[in-house]
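Remarks on the structure that follows.
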Amino acid sequence: MKATRYLSGILCAFCLLALLASPVLAENITQGSSLAGQLTVSHVEVDPSVLMREDTGLVTITVTNTGSESVTIKRAELSSKDLTILNYKTYATVGTIGKGNSMDFTFAIQADPPDGVYYPKFNLDLGTESFRSYVPIKIESTPIDVSVTARPDIFSSGAKEEITLVVGNPRENTLSGITITPQGEGIVSTQTRAFIGDLAPGKSEEVTFTITPTQEGDLTFLVEYRNGINPHNESVTIPITFGTDKMAARPMINNIEISSSGTTYTLSADVTNAGLSDARSIVVTVGSPAQPTDPNPVYIVGTLEPDDFSSFDLTFLAPGVTSVPLILQYKDANGNDFEETFTVNLRGDGAISNSLAGGSSNSTAFGQGGSSGAGGAGRGQGMFGGFGSGINKIPFVEIALIIVASVVLAVAWRKGYLGKIKARLRR
């Protein structure tokens, strides 16, 4: 009887222990389920999205808990045998991600290897298990593109010139903070710097600089920009060489005619643009020892297109002198000032010679007048006399008389009057 009671007590105790042990076993089963399976990488951002070699970039990995319970993360790390992870110890301890919540992990990396695509490993230590993912990192070192699309063939000292640059982005990601700075000894620029800002992939921007060189040398345009947080630069250099501009305006003086009354002279001539560009704001006058006087001390010609010409008249005093300087001033399309001086002989054949008196013009003007009596040089005479090259010099009266005479002779011939006159002359 006692033995039976003893066995019954043991059996009850065993059953009680089994009931007490069953909740712990259930809890162990829950903890042993795949917590890593609840996690997913919901977003990855690399800034800049494409690195250049030696660039530093930021990789942000967003992890989301899609499960029904919280997940405790002991440590997070990003590792690579190719890239340098600059802050690999940042996430030595992390914490818990609640169900339905997300957590960001940001790592700084340096693009040491050559161009290509690399896959550093992202690892989360959950204690009894781990979560792994691989992040693609692209390295591509194509720089910004800079080209010169417009520039003069020849530069002139002190003359303004325009230079146009085109900056293009051949990369797969946006470049930012783009600036262009002209540099060079003896270079004066109206813009000390041009700011473009951001440039999207496949886009370009055009920038025009107005520069004035004062000496020969190199003109460099420095283009600075950023790829993410990383500064970069490119440059393009233009040699500055002074010479004769083949496309420049070339004012020439011809058809000179000088008359005098006492010490007062009247100079009439033509100015012709023999160049390939417009000569603008042309002004002519005489210089010392001559003294400009009324009614035409200065003559404003205005603008002459290539192969165009205009006549002008000047009056001046020149007592006791045999030659006077004829000064011609003009501008080009960029507003540069040019001045040429022509020496006009008031005696003899009235020859005119040219010498540069300032500015940076390399054009040459020629003029030669014929004698027009004592103390003067006449313009080139046409078959009717006084037939200059200006429209106001065409002898309309003489031409009209010739036309009328030709018509009269034609009518007389048709009527037979010429034959009758000839017969009478024979008798």
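Values in this text are rule-based calculations from the coordinates and carry no lab data. Only a predicted model underlies this, so the values are computations on that prediction, with no experimental measurement involved. We place every Cβ from the backbone using ideal geometry, glycine too, and count neighbours over all the protein chains shown.
The table below gives the values:
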| quantity | calculated |
| --- | --- |
| Neighbourhood net charge (15 Å Cβ-Cβ; Lys/Arg +1, Asp/Glu -1) for Ile178 | -2 |
| Net +/- balance of residues flanking Leu58 in space, Cβ distance below 12 Å, scoring K and R +1, D and E -1 | -4 |
| Fully extended contour minus Cα-Cα distance, from Glu206 to Ser68, at 0.36 nm per residue | 44.0 nm |
| Set of aspartates and glutamates near Lys74 by C-alpha distance (under 13 Å), chain-local residues within fewer than 8 positions excluded | Asp125, Glu129 |
| Nearest-0.05 FRET efficiency for Ser157 and Thr190, computed from C-beta distance (R0 30 Å) | 0.95 |
| Where GluC sites (Glu not before Pro) fall in DSSP loop in region 224-294, at most 14 other Cβ within 10 Å | none |
| Net charge over other residues, Cβ less than 14 angstrom from the Cβ of Thr96 (K, R count +1; D, E count -1) | +1 |
| FRET E, pair Glu216, Ser288, Förster distance 22 Å, beta-carbon r, rounded to 0.05 | 0.05 |
| Sorted by Cβ neighbour density within 10 Å, fewest at the top, the residues Phe155, Phe309 | Phe309, Phe155 |
| Tyr119 versus Glu234: modelled label distance in nm, points set 7 Å from Cα along the beta carbon direction | 3.2 nm |
| Which of Ile402, Ile109 has the fewest Cβ neighbours within 10 Å, and the rest in rising order | Ile402, Ile109 |
